[in-house]
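One structure below.
The values are calculated or read from the model by the stated rules, or taken from the named source; none is laboratory data. Treat the numbers as computed from the prediction; the structure is a model and nothing was measured. Here the Cβ is made from the backbone with ideal geometry for all residues, glycine too, and neighbour counts use every protein chain on show. What goes into the accessible areas is simple: the full protein's heavy atoms, side chains included, and nothing from ligands, DNA or RNA. Shrake-Rupley method; radii C 1.70, N 1.55, O 1.52, S 1.80 Å.
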Amino acid sequence: AAGRGRVEFRDVSFGYPGAEEPVLKDISFTAEPGRTTAIIGSTGAGKTTLLNLIPRLYDAGGGQVLIDGVPVDRLTREALSEAVAAVPQKPYLFSGTIASNLRYGAQGATDEELWEALEIAQATDFVRDKDGGLDAPISQGGTNVSGGQRQRLCIARALAARPSVYLFDDSFSALDVATDARLRAALKRSIADATVILVAQRVATITEADEILVLDDGRIVGRGTHEQLLETNETYREIVES
Ligand code: DGT
Ligand code: MG
């Protein structure tokens with residue numbers, strides 16, 4: 001879906017039910033197709049909460065979240081799940097096979113398309129080495145694969161769905177630096193037209209982003225490229241140097 005998937009937050013606020021303090025305050029930004037928007041901030045800043053408003057795991061308390069100009073609460077569930085694929089911070093696998101896990105959200109995908117997704121996700125080798133390959137069993141929760149393998153299978157699952165918006169919540173953290181770099185290079189080539197919003201801790205994952213949003217205690221306290229933020233933003237410098 002070239003040129004589609006523009007995500008816009010307009011003065012969004014959000015608080016969890018029963019909690020006194022809002023977790024997100026006055027959040028406004030636009031994530032454009034073909035660009036990578038990175039969100040950085042200390043633990044508890046609200047990064048996961050922010051991402052979760054896009055596929056409507058929660059609804060904004062105030063303001064609006066829009067995709068291509070349409071408020072997400074006016075999209076059907078079907079349209080929303082076609083538009084957005086999220087790789088959650090705690091990637092989850094279902095009991096079944098590798099293929100059935102990858103086809104969650106991409107029922108019609110051929111084996112060839114699944115292998116393509118695995119190739120980009122840097123997961124081809126370990127899946128090929130598994131007895132049964134694509135048909136290798138996965139236990140509930142994916143406890144029979146490692147954390148890094150689980151992350152890569154969840155990334156492949158998102159790729160197989162071919163959405164216009166990708167959300168990666170700390171999705172590269174369990175990967176070694178070299179695999180992380182190869183994966184991001186492959187993503188850049190293969191989903192060049194998509195909107196990518198990613199949360200990351202590792203600085204290298206962030207530096208190439210087109211725009212970085214610095215989140216602190218639920219507010220955006222800085223935005224710009226890595227170089228711009230290094231010069232202008234104390235919070236960013238602290239995070240990067242920590
Ligand atoms: P991380 O993943 O540790 O780097 O932290 P973030 O930036 O992803 O933070 P997030 O969005 O998980 O949490 C923001 C705040 O909201 C934090 O004070 C914890 C709180 N919070 C998160 N999930 C829930 C929830 O399900 N219920 C309630 N009541 N509070 C939550
Ligand atoms: Mg989080």
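Values as computed for the structure displayed
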{"read-out": "Which listed residue, of L75, L102, L80, is touching a Pro at 6+ places or on another chain (Cβ under 7 Å) and more than 16 Å from ligand 1 (Cβ to nearest atom)", "value": "L80"}
{"read-out": "Tally, over segment 24-36, of residues that are within 15 Å of ligand 1 (Cβ to nearest atom) and under 23 Å from A85 (Cα atoms)", "value": "2"}
{"read-out": "Selection from segment 170-192 of residues that are within 19 Å of L102 (Cβ to Cβ) and within 16 Å of ligand 2 (Cβ to nearest atom)", "value": "S171, F172, A174"}
{"read-out": "Every residue from segment 42-66 that is open to solvent by 30 Å² or more (accessible area, probe 1.4 Å) and near ligand 1 (Cβ under 6 Å from one of its atoms)", "value": "T43, G44, T48"}
{"read-out": "Qualifying positions in segment 213-223 - open to solvent by 10 Å² or more (accessible area, probe 1.4 Å) and either without any contact (Cβ under 8 Å) to a residue 12 or more places away in the chain or out of contact with any helix residue (DSSP H, G or I) (no Cβ under 6 Å at 6 or more places or on another chain) (or both)", "value": "D217, R219, I220, R223"}
{"read-out": "Odd one out for E119, checked against (1) in contact with a Leu (Cβ under 8 Å, 6 or more places away or on another chain); (2) in contact (Cβ under 8 Å) with a residue 40 or more places away in the chain; (3) open to solvent by 30 Å² or more (accessible area, probe 1.4 Å)", "value": "(1)"}
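For every residue, the table says whether it meets (1) aliphatic (A, V, I, L, M); (2) over 16 Å from R6 (Cβ atoms); (3) in a loop (DSSP other than H, G, I, E, B); (4) touching a Lys or Arg at 6+ places or on another chain (Cβ under 9 Å).
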residue	(1), (2), (3), (4)
T49	no, yes, no, no
P55	no, no, yes, no
D59	no, yes, yes, no
G63	no, yes, no, yes
L66	yes, no, no, yes
D73	no, yes, no, yes
E78	no, yes, no, no
Q89	no, yes, yes, yes
Y92	no, yes, yes, yes
